1. Which one is surrounded by the most Cβ atoms within 10 Å (Cβ to Cβ) among residues in the range C:121-137 that are part of a helix (DSSP H, G or I) and of a type in the set (D, E)?
2. Give A:T260, A:T230, A:T211 a once-over and let me know the one that is open to solvent by less than 30 Å² (accessible area, probe 1.4 Å), among the polar types (S, T, N, Q) and not in a loop (DSSP other than H, G, I, E, B).
3. Going by the conditions given, is A:G113 out of contact with any helix residue (DSSP H, G or I) (no Cβ under 7 Å at 6 or more places or on another chain), over 17 Å from A:N163 (Cβ atoms) and within 12 Å of another protein chain (Cβ to nearest Cβ)?
4. Being more than 15 Å from B:F112 (Cα to Cα), over 26 Å from the mean Cα position of the chain (by Cα) and within 11 Å of chain B (Cβ to nearest Cβ) is the filter here, so list the residues in the range A:21-61 that pass it.
5. Would you tally the residues in the range A:119-143 being closer than 22 Å to A:A231 by Cα and open to solvent by less than 30 Å² (accessible area, probe 1.4 Å)?
6. In the range C:58-74, which residue that is in contact with a Phe, Trp or Tyr (Cβ under 8 Å, 6 or more places away or on another chain) and more than 13 Å from chain A (Cβ to nearest Cβ) is most open to solvent (accessible area, probe 1.4 Å)?
7. Got at least one residue in the range A:234-241 being within 12 Å of chain B (Cβ to nearest Cβ), over 14 Å from B:I125 (Cα atoms) and in a loop (DSSP other than H, G, I, E, B)?
Amino acid sequence: MARAILATPTVESLRSNNARSRRIVDKIATAALWGAASTIVLMLILFVVYLFVQGYSAISWHFLTGYPSAANAGGGVGPEIFNSFYILFLTLCFTLPIAVLAGVFIQEYAGPGRFRDMVEFSAESLATVPSIVMGLFGLIVFVQLFHWHFTALGGALTLTLLNLPAMMRVTQQALASVPQTYREASMGLGATKWQTVLRAILPSAIGPLTTGVVLVSGRIFGETAALIFTAGASVSYGASAYDFNPFHTAETLAVHLYSTHREALVPDADQIANGSALVLLVMVLVFNVVARVLGRQLTVRLTGKA
Amino acid sequence: MVGVRANKAHRDERVALGFLMSSSAIFVLAIVLILAFLAYNGTLLFWQDHVSPLTFLFGTDWDGFGGQFGAAPFIIGSLVATGFAILVGGPLGVAIGLFFSELAPKRVAETFKPAIEVLVGIPSIVYGWLGLTLLVPFIARTFHAEGDGLLAAGIVLSIMILPTVISLSEDALRVVPNSLREGSAALGATRWETMSRVLVPAAASGLAVAVILGVARAIGETLAVQLVLGNAAVVPKSLLAPAAALTSEIVMDMGDAPEHSAFRHALFSMALLLLLIAMGLITLIHLALRRRTT
Amino acid sequence: MMVETPETRSPSLRSKMKIDDLNVYYGAFHAIKRANLDVPDRRVMALIGPSGCGKSTFIRALNRMHDLTPGARVTGTVTLDGNDIYAQGVDPVTVRHRIGMVFQRPNPFPKSIFENVVYGPKIHGEHNGKRLQEICEKSLHAAALWDEVKDRLNRSALDLSGGQQQRLCIARVLAVEPEVILMDEPASALDPIATSKIEDLIGELKKDYTVVIVTHSMQQAARISDFTTFFLLGDLIEVGTTSDIFTRPTDKRTEDYITGRYG
């Protein structure tokens with residue numbers, strides 16, 4: 001019966017027609033997927049070129065190190081750049097120990113159970129809290145409740161909450177990349193679990209861990225919405241551009257780009273915004289390159305593995 | 001001697017476990033505190049300032065100082081912009097995920113992947129600035145309109161959610177067992193047929209998670225949207241008319257709304273609404289993943 | 001099920017370890033069924049049997065490596081010098097300190113050769129640099145690796161050949177001065193020359209250590225061991241001196257295996 005149908009000439013020609021059109025559809029689809037993926041890269045190139053063209057004339061030594069100006073043209077972003085790094089540093093001081101320890105707990109210690117489920121669910125939930133909502137939480141706690149006003153510390157603590165999940169995931173992935181045999185070897189030599197983690201697993205994971213940490217740092221550097229109402233949108237006019245007091249207002253470069261656009265009185269606001277956007281972009285590129293190079297170097301240096 | 005050493009190692013082990021567990025507990029504590037503080041501050045508007053939740057959710061009149069707290073324009077703005085982003089960025093992201101998991105030669109993947117990493121790293125304020133100075137004038141010229149509005153916001157968001165959707169869909173597609181690819185190919189299916197009829201359905205729950213996390217990123221996005229929306233507190237009449245979103249309105253008004261005022265409380269309510277949406281999306285993800293395991 | 005005959009208990013030597021009624025389960029799977037065995041002091045005991053017979057599962061029960069496997073459960077007693085290593089309050093870490101293990105594939109840490117060898121001593125509290133140097137040299141000598149690596153102790157262990165890596169792993173175990181060394185097919189990933197070096201080394205080691213070795217090669221068991229135990233499908237079938245097992249096994253199943261009737 002089946003053979004009889006297959007033998008019918010019309011069906012035969014249908015089949016070959018069909019095969020040709022299917023091949024064409026396949027070709028078109030393949031081309032479309034290649035096109036879509038290339039668009040991403042072209043878009044990135046467009047962004048980078050555009051920001052460079054717009055912003056490079058704004059960049060000067062004075063712009064990168066000078067004070068912002070309230071009303072006149074020619075203001076710089078020195079304190080803002082410093083604050084960005086300072087808040088990043090404070091944030092890492094809180095985030096790294098907590099997230100790495102929690103990552104070790106989840107990945108190496110915790111068996112399946114309610115506590116692990118709870119921690120993982122909390123991490124996922126924290127990861128989806130929008131940064132503006134986190135910013136308002138920081139405002140409620142650090143500004144309204146603690147009466148700190150806008151401070152670098154309040155901003156850093158808010159960013160800590162925002163980035164704990166990403167740091168924990170980075171840690172988990174780095175630990176997961178360590179072969180099981182290292183754990184067995186270490187335990188087989190009579191090491192305790194903690195000794196194994198500290199001396200065998202973490203050193204072997206240092207490359208991917210560093211890459212992940214630097215990439216997340218790049219995101220912390222550019223964070224804006226969570227900082228406007230916690231660290232503030234103005235710089236503190238202390239003795240110098242470099243104000244280490246964590247209880248002072250600390251506008252970062254990303255927040256400065258926002259506030260310049262929003263409310264600046266200076267005539268060259270667009271110019272400053274273009275310059276700030278370019279500096280932010282360059283920093284993202286630097287963080288990405290550093291993450292890769294440093295991660296590879298550390299892996300080679302500490303493990304002798306290419 | 002060994003006994004003493006072993007005791008010390010044991011004490012270290014217990015101390016370490018204490019640190020590990022308390023660090024983990026911070027995660028739980030953090031999310032509980034965030035929920036509690038926002039639940040409290042986000043409902044002050046209703047039980048202290050006596051604004052009806054229905055007025056807040058469905059009212060269309062917004063005047064912070066004038067005591068009008070209808071947030072519907074912002075809710076609609078957020079939903080439309082996010083919906084646009086998902087309709088454009090969702091399929092595009094899944095398609096590019098397919099490209100990386102099924103088509104891309106190793107060399108191509110190695111050059112394209114870092115580009116995506118960089119796109120993730122670009123701060124949202126810079127996306128906003130690009131949108132404002134590059135996209136808005138383009139839309140204005142093309143449609144002879146103001147340029148800022150939901151269309152601009154939707155396009156910016158589509159681009160911003162791409163990295164999330166791409167990498168998660170790639171992961172979801174990669175875990176589909178090879179036997180399915182081989183089985184489909186052995187039946188005479190073309191590569192595209194295998195992708196569209198076998199792989200995508202097989203990875204459906206993972207792809208759903210990718211898109212849902214894209215929604216989460218889009219709905220919570222603030223500055224990129226604020227810069228290109230035009231910030232008009234009215235129900236938008238078209239994609240080209242100025243509008244506002246929950247996030248952008250919070251950032252616009254928060255600096256002006258005095259502490260303890262109904263105005264500020266209304267903004268907290270909007271933040272609470274965003275938080276509830278985020279929690280709802282997390283729950284959705286768990287449902288999608290549970291379907292995969294059963 | 002198993003009848004106690006003189007052959008199932010090994011001959012009259014001082015026993016280093018005694019295994020009684022040992023059962024291992026992976027979830028619902030009964031992987032080792034009521035095994036009894038005496039391990040004589042300072043001799044080489046080979047565990048043989050077709051793949052999947054449970055010999056690796058058995059050897060991992062001897063230093064509580066199953067504690068690390070989720071879902072694995074062990075019952076029965078395993079004594080070391082008369083003390084049950086599974087008794088309540090016994091620290092698995094101390095157990096593994098006294099009963100070292102060499103794994104199927106060489107698994108050096110991604111550290112220098114020196115750091116690999118002194119990993120155990122450091123963990124157990126030795127921080128004196130000179131002492132560590134001595135331990136390192138002594139262990140590498142004992143593992144017959146010293147002459148090959150003495151000029152590059154600070155190079156990565158991953159640069160060594162597979163056979164050298166495995167001898168390094170043995171040196172690493174020797175450095176913690178265990179009493180028993182368990183080896184789980186230590187030569188299965190190595191070429192014939194490297195294998196023969198490991199075999200020579202095992203012959204040396206039994207002067208000071210009790211060695212239990214899992215091997216898939218009957219020839220290897222015959223070459224290096226004093227006693228041989230045969231496993232089949234989770235059952236310990238027979239144990240005896242190696243020459244007895246290979247020339248006049250008492251159990252039909254052992255004979256079938258020796259003569260090549262199982263894979």
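The values are calculated or read from the model by the stated rules, or taken from the named source; none is laboratory data. Everything numeric here is computed off the predicted structure, so don't read it as measured data. FYI the Cβ positions are ideal-geometry reconstructions off the backbone, even for glycines, and counts take in every protein chain you see. Note: accessible area is taken over every heavy atom of the protein model, side chains too, but ligands, DNA and RNA are not part of it. Shrake-Rupley method; radii C 1.70, N 1.55, O 1.52, S 1.80 Å.
1. C:E137
2. A:T260
3. Yes: the conditions hold for A:G113.
4. Once the filter is applied, which keeps residues that are more than 15 Å from B:F112 (Cα to Cα), over 26 Å from the mean Cα position of the chain (by Cα) and within 11 Å of chain B (Cβ to nearest Cβ), the range A:21-61 yields A:S21, A:R22, A:R23, A:I24, A:V25, A:D26, A:K27, A:I28, A:A29, A:T30, A:A31, A:A32.
5. Qualifying residue count, the range A:119-143: 17.
6. Ranking the qualifying residues of the range C:58-74, first place goes to C:R73.
7. Yes, the range A:234-241 has at least one match.
One line per residue, one yes/no per condition, for (1) under 17 Å from the mean Cα position of the chain (by Cα); (2) of a type outside the set (D, E); (3) not in a loop (DSSP other than H, G, I, E, B):
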site: B:E146; (1), (2), (3): no, no, no
site: B:L151; (1), (2), (3): no, yes, yes
site: B:V176; (1), (2), (3): no, yes, no
site: B:G188; (1), (2), (3): no, yes, no
